[in-house]
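Enquirer: Dropping the structure in here first, questions after.
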Amino acid sequence: MNFKLIFKSSTSFTFELDNKNIYYNNSTYSVYLDGKLLLEDNKNVFSIYDLSPDTEYNINLIVDGEAYSLNEKTLSESIYLNVKRFGAKGDGK
């Protein structure tokens with residue numbers, strides 16, 4: 001078995017377990033984020049939220065005594081502001 005990243009944003013990851021089951025794994029697995037236990041579950045898809053933008057994380061999955069690891073980086077976060085909506089005026093140049 002393995003797991004793969006199926007979605008990434010600036011503040012979250014979603015992973016899928018690569019096994020022959022449709023919705024659930026046969027046994028419970030543990031997910032560690034940078035060495036800290038984050039969750040224990042048996043669903044084939046899981047998400048990690050509240051991450052920092054543009055940051056690399058190490059995700060470890062332990063199931064049936066076997067460990068799997070991925071390093072993933074969240075996307076950078078950007079924003080577009082139209083300053084005219086806030087009353088900004090040009091200086092004539």
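Enquirer: Kindly give Rg over Rh for the chain, based on alpha-carbon atoms, with the Kirkwood expression for the hydrodynamic radius.
Expert: Ratio of gyration radius to Kirkwood radius: 1.26.
Enquirer: So, one more: Suppose a student asked you for the relative contact order of the chain, using Cα pairs under 8 Å spaced at least 6 residues apart; what percent would you report?
Expert: Averaging sequence separation for qualifying contacts and normalising by length gives 26 percent for the chain.
Enquirer: Could I ask something else about it? Lys pairs in the chain, Cα-Cα under 26 Å, at least 8 apart or on separate chains: how many?
Expert: 12
Enquirer: How far apart, in nanometres, would the label points at LEU75 and SER12 be if each is projected 7 angstrom from Cα along the Cα-to-Cβ direction?
Expert: About 1.3 nm separates the two model spin labels.
Enquirer: So if we plug the beta-carbon distance of ASN58 and LYS84 into 1/(1 + (r/R0)^6) with R0 = 25 Å, what FRET efficiency do we get, rounded to 0.05?
Expert: For ASN58 and LYS84, the calculated efficiency is 0.05.
Enquirer: Accessible area per residue for the stretch 1-66 in Å², computed with a 1.4 Å probe and the full protein assembly in place, what is it?
Expert: 62 Å²
Enquirer: Let me ask something else. What nm value, rounded to one decimal, do you get for the distance between TYR24 and LEU37 when each label is placed 7 Å out toward the C-beta?
Expert: It works out to 2.1 nm between the two label points.
The values are calculated or read from the model by the stated rules, or taken from the named source; none is laboratory data. Quick caveat, the model's predicted, so the values are computed rather than measured. FYI the Cβ positions are ideal-geometry reconstructions off the backbone, even for glycines, and counts take in every protein chain you see. Remember, those area values only see protein heavy atoms, side chains included, never the ligands or the DNA or RNA. Shrake-Rupley method; radii C 1.70, N 1.55, O 1.52, S 1.80 Å.
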